[in-house]
Each structure stands twice: as C-alpha cells, then as structure tokens.
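> First, the structure itself, so that you have it in front of you.
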Amino acid sequence: MCGRYGLVSSKGEIRDALPVEAFFTMEEELDLSPRYNIAPTQVAPVLRRDEEGFSLEGSRWGLIPKWMWKRHDKESDTSASKEAGFINARVETAAEKASFREAFAQRRCAVPVSGFYEWKKSSKQGDGKQPHCIQMGAGAPAGYKQGGLFFMAGIYEPWGEVPGKSGQPKSSFSILTTDPNAILRGIHDRMPLILSPSQLLRWLGWSTAQGAVEDSAIPEPCPSSWLEAYAVSTRVNSPDNDDSSLIQPLQESLALS
C-alpha cells in the first residue's frame, strides 16, 4: 500500500517534468509549500488532463465514491468528509470494483511526489515496524532524476453534490497499487503504481481523442533500478511531524536529534 508520502517540488518543477509542451494551469489556492509527511484525509496536489492541457489542483486523499455520499445528507459535505475513504486501490481489480470502476475508466489522475514511505516489520523493535523512505534512485528513467520528482497513478471522484464548494476540495483521490518490485518486496507486499514520463501521458490519455484512456496503458511495476530505499526515523509515524529531517537516513537522523 501507500499510506504516507512527501512533495517538495515547485509548480515550475512539476510543469517541467511533463514530457510534452502543453497548456498547464494550477489552482490558485493550491499551496505548494514543501511537505514531507502527507497523510490520508489531507489535501494534496493531483495532475489531471483537461480540455486545454493539464491542470494541477488540490484533492483530498481518500477517495469517496458516490455510494458513500448517499449515506449522508446531500446538503452536508461536513459529515461525509469524516469518512476516511479509500487511500489505495489495487490496479488489478480497480476496473471491476464498484467503488473504483467509473473513476478508473473516466477519471484518472497522477500524483506528484518526491518520495513515499513504507513500513517493514522489525525484529529489533519487537512488534514495531521500521519506516523506510523510497525515492528515485541512480537508475531513474529519462525525465526523472535521483532524489527528484516523479508521478504515481491515481483515480479521483468529484467532491460531494457541489464539487469545489467554498471551503471544500474539488475532489477526492486514491493511489493505485501493484505488486512490489524486488527493492520493495523485502519491505511490503504492495507498492504504488509509479509512472515513467511516457507512461504518465498514456495513463492520462494524452495521445488519444478526447483524453480517452485505455486499459493497455496500465504499466507493470516499475523496475527496481529506478528506486532507492533506506530506513528513516519513526518520527514519520506521526502526521504531526512534517519537516526535512523525516527523509534523512536513519543514522544521520539519529545524529541530528
């Protein structure tokens, strides 16, 4: 799964990571201050294909499908916002599951990240788990660089009965997961579906008429050579902690504390 990640890239860096020249807009209220510990139910940037090109907007992490909204008063977005929603969706079954089927077919997005965290069971910590930070490594594909920005595959749903109503996000999103590659296999049994720049375009339907997406655009788990993983401080366990020390390798992190 993917339950925590960071983003420390600017608007210009996100725009420059797109492998095509295209019209690019960003939601005016979107805050791109460095974030090292984005957690479920928080609002974070997602990239969408629109009629003119690409748009970057804030979306709430934890997809709330239509049937969840029906359990709440249609006039109240507040009660529904208490739902955790689905932070992840398995790419192998998303096209079939009622909660994801429509979004998977019609509302794909990409989640810009600088790195994500996974937790490995640790014999040294008894029943505890050791967090690891996973970033682009030395073998990053063309268009990405070591320690830099990359994109994960996502799907989204409009927020409630009145998307974009004042004080509410426009949408909610889920990160798609897949089988782990060799570097993640020893840490967790799932990993985010990571997109190369060319896969990003296919995922968002850039090359097809009307932005239509195709099942054939679903990539395999990314090669292990793309990534690097290292242990980090358990301070990342709390979403209240959000600073650059969270991505320091564990021994260096301990030395700074």
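The values are calculated or read from the model by the stated rules, or taken from the named source; none is laboratory data. All values derive from a computational prediction rather than experimental measurement. So basically every Cβ, Gly included, is an ideal-geometry build from the backbone, and we count neighbours across all protein chains shown.
> I need a count of the residues in segment 190-207 that are at pLDDT 95 or above and of a type in the set (D, E, K, R).
Total satisfying the criteria: 1.
A quick yes/no check of all residues on (1) surrounded by 16 or more Cβ atoms within 10 Å (Cβ to Cβ); (2) at pLDDT 95 or above; (3) farther than 27 Å from Ile218 by Cβ:
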site: Pro65; (1), (2), (3): yes, no, no
site: Cys133; (1), (2), (3): yes, yes, no
site: Ala140; (1), (2), (3): yes, yes, no
site: Lys145; (1), (2), (3): no, yes, no
site: Phe151; (1), (2), (3): yes, yes, no
site: Gly154; (1), (2), (3): yes, yes, no
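> Taking segment 208-237 on its own, how many of its residues are within 29 Å of Phe104 (Cα to Cα), modelled with pLDDT of 90 or more and assigned to a loop (DSSP other than H, G, I, E, B)?
Qualifying residue count, segment 208-237: 4.
> Which condition from (1) in contact with a Lys or Arg (Cβ under 8 Å, 6 or more places away or on another chain); (2) closer than 17 Å to Glu157 by Cα; (3) not in a loop (DSSP other than H, G, I, E, B) is the one that Val111 breaks?
Unmet condition: (1).
> Still on this structure, please answer the following. Can you name every residue in segment 1-21 that is closer than 15 Å to Phe151 by Cβ, in a loop (DSSP other than H, G, I, E, B) and either free of Cβ contacts under 8 Å to residues at least 12 places away in the same chain or in contact with a Phe, Trp or Tyr (Cβ under 6 Å, 6 or more places away or on another chain) (or both)?
Scanning segment 1-21 gives a single hit, Cys2.
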